[in-house]
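Input: a single structure, listed below in structure tokens.
The values are calculated or read from the model by the stated rules, or taken from the named source; none is laboratory data. Being a predicted model, the structure only gives us computed values, none of them experimental. As a convention, Cβ positions derive from the backbone with ideal geometry for all residues, glycine included, and neighbour counts pool all protein chains shown.
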Amino acid sequence: MTSTLEPPTRAAGLRHRLVRAAEAATTPLLPADYLDLFAPLRSGAELRGRIVSVHPETADAATIVIKPGADWAGHVPGQYTRIGIDVDGVRQWRAYSLTHGPRADGNISITVKAVPDGVVSNHLVHHCPVGSIVHLEQAAGEFVLPDPSGGRFLMVTAGSGVTPVIGMLRNLFPVAESGALRLPRSKDFDIVVVHVAPSEPDSIFLRDLQALDAAGLITLVARYDDTHGILDVADLEQLVPDLHDRTTLACGPAGLLDALAAFHEAAGVDLLVEQFRTARVEPGEGGTLHFAKGGQDLAVDGSTTILDAAEDAGILMRSGCRMGICMGCLVPMTEGTVRDLRNGELTTAVPGESGAVKVQTCINAAAGPCHFDH
């Protein structure tokens, strides 16, 4: 009997049988699970990266250089990526700005400041050796230069808020053995950087900023809390006399950004911001969290986010930026009320009326009994 299968069909059938045989041989794992051990950065795999170097910046901050997987799509200076690492058996996700423009070696870099009780930041800075594999998401974010061809800009940074800005500056003015370079594509930029830090030793990337200032590529105005006092945004008009002729980009703590927003609105000056941490209102009374799929009930106060409370109880939760921007932590609430810790607004889910309401667990706290489909 002559086969009616065409050669391509026979080939597809052979591939299918080989895949099935490989799956049977590796059960309960899949062949891809074994490939992940030997080629975790291969094309088609879940996006990962390998740490290739760690460079201390200050006593509690380090720049981490990562070789991304083959499917990394690149980034625009100023954007961030979400990094996933496994700590004590739980995968944690955080968002970090990319501190370099596109590199010739294809690597990417982030600069992390270890914050008190920061699970991920402390792990990355102090306990993540070279060669470690991390999980990645594609770059995202809109905190980029409004006009990549040139312009007059004021960049206001505070603390680790300098990280997205240094990525922009390194892309505009790369450093060679002879020093920082002004490339033809960067000749139409006029940039003033007002950089705020608690003290000079705590100032991340200060040497980079000083080198660019010494080369005449930027104008640096450094402000240290222990020397100059806390920055009053009203002083910006004295520090930067032509402020009104510039577009301001700012990144730092919520309090500073709120003050800058009010100042720039009153002055009629354009402002683009990137916020790393949210300002929070006074907490409410709290309540209980019920997670349907795990059958767990947690009694929580009104100042602890749903995400933090769940993680502290050992419940695996999705997370991302942890400041209410990326929407990576949404969980359906089927009943109850939560309170947004940024502004005090209440969100309520009523069975039979509203249906399930998706809640950002990183910035909301319980305001009474809450039931989640998680």
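Observations
- All strands (runs of 3 or more DSSP E) inside the stretch 68-141 with 2 or more residues being surrounded by fewer than 16 Cβ atoms within 10 Å (Cβ to Cβ): 80-87, 90-97
- Of all residues making up the stretch 300-344, the number that are in contact with a strand residue (DSSP E or B) (Cβ under 6 Å, 6 or more places away or on another chain) and among the small types (Gly, Ala, Ser): 7
- Looking at Ser354, Ser303, Ser319, just one residue is surrounded by 18 or more Cβ atoms within 10 Å (Cβ to Cβ) and polar (S, T, N, Q), and that residue is Ser319.
- Test: residue in the stretch 176-193 that is within 26 Å of Val125 (Cβ to Cβ), in a helix (DSSP H, G or I) and out of contact with any helix residue (DSSP H, G or I) (no Cβ under 7 Å at 6 or more places or on another chain): no
- Residue that is farthest from the chain's Cα centre (by Cα) [pool: residues in the stretch 178-197 that are surrounded by fewer than 13 Cβ atoms within 10 Å (Cβ to Cβ) and of a type outside the set (Asp, Glu)]: Ser178
Rundown of residues vs (1) within 30 Å of Leu236 (Cβ to Cβ); (2) out of contact with any strand residue (DSSP E or B) (no Cβ under 6 Å at 6 or more places or on another chain), yes/no style:
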site: Trp72; (1), (2): no, yes
site: Trp93; (1), (2): no, no
site: Gly106; (1), (2): no, yes
site: Gly118; (1), (2): no, yes
site: Gly131; (1), (2): no, yes
site: Gly151; (1), (2): yes, yes
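- Just one of the listed residues (Leu298, Leu272, Leu307, Leu289) is part of a helix (DSSP H, G or I), at pLDDT 90 or above and of a type in the set (A, V, I, L, M, F, W, C), and it is Leu307.
- Qualifying residues in the stretch 142-161 (those that are small (Gly, Ala, Ser) and surrounded by fewer than 16 Cβ atoms within 10 Å (Cβ to Cβ)) - the one nearest to Val221 (Cα to Cα): Gly151
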